[in-house]
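To start, the structure itself, in structure tokens.
Read-outs: derived from the displayed coordinates by stated rules, not from any lab. No experiment lies behind these values; they were computed from the predicted model shown. Heads up, the Cβs are rebuilt from the backbone with ideal geometry, glycines too, and the neighbour counts pull from every protein chain shown.
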Amino acid sequence: MTDLPHDALVSGRGLTKTFGSRVAVDGIDFDVRRGEAFGFLGPNGAGKTSTMRMIGAVSPVSSGTLRVLGMDPAVDGSKIRSRLGVVPQEDNLDTELTVWDNLLIYGRYFDLPRPLIRERAEELLEFVQLSDRRDDRVDPLSGGMKRRLAIARALVNQPDLILLDEPTTGLDPQARHLVWDRLYRLKREGVTFVLTTHYMDEAEQLCDRLVIMDRARIVAEGSPRDLIARHSTREVVEVRFATHDQQVAALDDLKGLTDRVEVLADRVLLYAADGDGVASRAGDLDPAPSSVLVRRSTLEDVFLILTGRTLED
Amino acid sequence: MRAPAFARVVEREMRVFRRLWRGTAFSGLVTPLLYLGAMGFGLGGLVDERTGDVDGLSYLVFVTPGLLAASAMQTAANNSLWPVMAGTKWIRSYHAMVASPLSPGDVYGGFVVWNSMRTSLYSGSFLVVAAALGGVTSFWAVVALPFAVLTGAAFAAPLGAFAASRDTDQSFPLIVRLGIMPLFLFSGTFFPLDLLPGWLATLAVISPLWHGAELCRAATTGSLALGPAAVHVAVLAAVIAVAWRFGTRSFTRKLTP
């Protein structure tokens, strides 16, 4: 452990997690700096949650090194956890308690004095817009409300680092934006985040810096803008055909239009600096495409180019 | 002095209990009192009429401590299988606990301690009612309460440890039907062990409930003898001590894999 940066709240070197013979996380290196929103982007099963659980000091490291807030989770797990705020992927709000009691009791787990918790709980419910539900049970709350309550709960100990595992998975778009909105506000206050997601738009919206994970390894690292600039082209042309046979027939011609082509089941992606030019030439092909669309490159494209697969696979 | 960490787990359970006590109080207190009515008075009347006494005691006096110990076991069993699975899998409240500074060992400790507190509440109430009805003949009955709590813990500790090691509740009904139910009936609770065939009587001696029932009976009838009592307490304490090792391990494996 000679090369750990000083300002890192979390550092992993050769970090590995195995369950029996299955390797969930395979020797990854990363650093999370103070004040940044750091993301693990990757499809389900890429090892993001296992990584997150090791950082959260609730899953022992199999090999490699991990430092969280300058401490070793194997030695100071309890101390580390006292300074973390965790929003787990699988909601574990206490359905046997009310909204208010969820905050109160969770604060007690951190051994905070009750008057202090009450004071903070008022503010936090305000912050996540749940003040009017304080005496309700948790069960009847919507998915978005539950997630916001989980975020409020994670803030009750005023953590130095917040871990969010798939913060908006399973939420409808409106609920999602409400969650994002709260996270932006925390970000503006300088809170450090680590989050996992398999939504490229979430990673682009929230992360200052991220690593892309695939099959237990990190395949790329950088800011969203960097990653796109480095691995993809500025624009992408999406070409669709009426039938799959037509797509197959047109493939050779499409490959002639630009250097990089990715073939998906229902469409072909052409990577080009000049999207409009390539699009107009694609439109003239025979068989003619049923639609041609030019858009900006996203992290989804970066993932596709690096792994040959889509994030939702 | 700071309270131990497991007290925070107990605090959560108490808060839930404050909301939901009516449902659990029924099985914890009302059921044993119904048994006391049916067995102590109904069946007891018949027994006393035919035999005069059971081991020199009226049937009501004989069965009261048996029911005390047996219901401590029942309360422990009811609250150690499915509720632990709720903590590890259904509600996942234990996962929320270990994301905080609390450790899996704290969660397990809090679970056993809370179970014991609940047992003392039900057993204490049961004792008071039974005493008012004439089921208790000695002031030594006050020590029957810790004995009942010890009996409950000797079931809660291993059952909770086991429940946390499971991924599903498939085996739980079997444990209740083939484990708890026979112990309830055949551990010197409703009739003396010497009425059992020899091999079964030997088997019953292994049952923690028999040790608990013997302790409670010695207390409520004022016939405590130091030697046997020490052995019974030691057996129950040993069960808890061994279970504690397994419990800490199974909670750790389940909650922090």
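Calculate the dipole size of the stretch B:6-255 relative to its Cα centre from +1 charges on Lys and Arg beta carbons and -1 charges on Asp and Glu beta carbons; express the result in debye to the nearest 20.
1200
When all alpha carbon pairs of the stretch B:11-63 are counted in 5 Å bins from zero, the resulting P(r) reads 5, 19, 18, 12, 10, 9, 9, 8, 6, 3, 0 %.
Taking the Cα centre of chain A as origin and assigning +1 to Lys and Arg Cβ atoms and -1 to Asp and Glu Cβ atoms, the resulting dipole is close to 980 debye. For the pair the stretch A:89-121 / the stretch B:171-226, the C-alpha centres are spaced 42 Å from each other. Once C-alpha pairs closer than 8 Å and six or more residues apart are averaged by separation and normalised to the residue number of the stretch A:37-160, the relative contact order reads 28 percent.
Taking every alpha-carbon pair under 8 Å whose residues sit at least 6 apart, chain B reaches a relative contact order of 28 percent. Which Cα, out of A:210, B:102, A:19, lies furthest along the positive dipole direction of the protein assembly as shown (beta carbon charges, K/R +1, D/E -1)? Projecting each Cα onto the dipole axis, the largest value belongs to B:102.
Relative to the compact-globule estimate of 2.2 N^0.38 Å, the Cα radius of gyration of the protein assembly as shown comes out at 1.27.
Any chance you could give the angle, 0 to 90 degrees and rounded to 10, that helix B:144-165 forms with the longest Cα principal axis of chain B? Value to nearest ten degrees: 40. Peptide B:79-91 has a mean shielding of 1, counted as Cβ atoms of other protein chains within 10 Å of each residue's Cβ.
Using the Cβ atoms and a cut-off under 13 Å, what net charge is assigned to the surroundings of residue A:206, where Lys and Arg are +1 and Asp and Glu are -1? Net local charge, residue A:206 excluded: -1. Out of the trypsin sites (Lys or Arg not before Pro) in the stretch A:190-252, which ones are loop residues according to DSSP with at most 16 other C-beta atoms within 10 Å? Passing sites in the stretch A:190-252 are A:215, A:234.
For the stretch A:3-100, GluC sites (Glu not before Pro) are listed when DSSP marks them as loop and at most 14 other Cβ atoms sit within 10 Å of their Cβ; the list is A:90. Each Cα pair under 8 Å and six or more residues apart adds its separation to the average, and for chain A the resulting relative contact order is 19 percent. With a 10 Å cut-off around each Cβ of A:108-116, the average count of Cβ atoms from other chains is 4. Among A:278, A:56, A:74, whose Cα lies farthest out toward the positive end of the dipole of chain A, if unit charges sit on the beta carbon of Lys, Arg (+1) and Asp, Glu (-1)? Farthest towards the positive pole: A:74.
Distance between the C-alpha centres of the stretch A:157-183 and the stretch B:1-68: 48 Å, rounded to the whole angstrom.
Note on A:177, B:211: ascending count of other Cβ atoms within 10 Å places them as A:177, B:211, the fewest first. Listed values for the stretch A:155-172 are Karplus-derived 3J(HN,Hα) couplings in whole Hz (6.51 cos²θ - 1.76 cosθ + 1.60, θ = phi - 60°), namely 9, 5, 9, 6, x, 7, 8, 10, 10, 10, 9, 6, x, 10, 5, x, 9, 6, and x replaces Gly and Pro. According to the Cα-based calculation, Rg over Rh for chain A is 1.05, with Rh computed by the Kirkwood formula. Aspartates and glutamates within cross-link reach of residue A:79: Cα-Cα under 18 Å, excluding same-chain residues under 8 positions apart? Answer for residue A:79, where 18 Å is the Cα cut-off: A:111, A:160, B:106, listed by chain and number. Each 5 Å bin from zero holds the following percent of Cα-Cα pairs in the stretch B:6-255: 1, 7, 14, 18, 19, 16, 11, 7, 5, 2, 1, 0, 0. If you average the alpha carbon positions of the stretch B:229-257 and of the stretch B:120-147, how far apart do those two centres end up, in angstrom? Between the Cα centre of the stretch B:229-257 and that of the stretch B:120-147, the gap is 27 Å.
Please name whichever of B:139, B:86, B:114 sits farthest to the positive end of the charge dipole of the stretch B:6-255, dipole taken about the Cα centre and charges placed at Cβ: Lys and Arg +1, Asp and Glu -1. Farthest towards the positive end: B:86. Taking 20 Å as the straight-line reach from the Cα of residue B:254, the lysines in range (excluding those fewer than 8 positions away in the same chain) are A:17, A:48, B:89. Pop the C-beta distance of residue B:50 and residue A:122 into the FRET formula with R0 = 51 Å and round what comes out to the nearest 0.05. That gives a FRET efficiency of 0.15. Across peptide B:7-13, the average count of Cβ atoms from other chains found within 10 Å of a residue's Cβ is 4.
Just to confirm the filter: which GluC sites (Glu not before Pro) across the stretch A:164-268 are DSSP coil and have at most 10 other Cβ within 10 angstrom of their Cβ? Taking the stretch A:164-268 and a limit of 10 other Cβ atoms within 10 Å, the loop GluC sites (Glu not before Pro) found are A:189.
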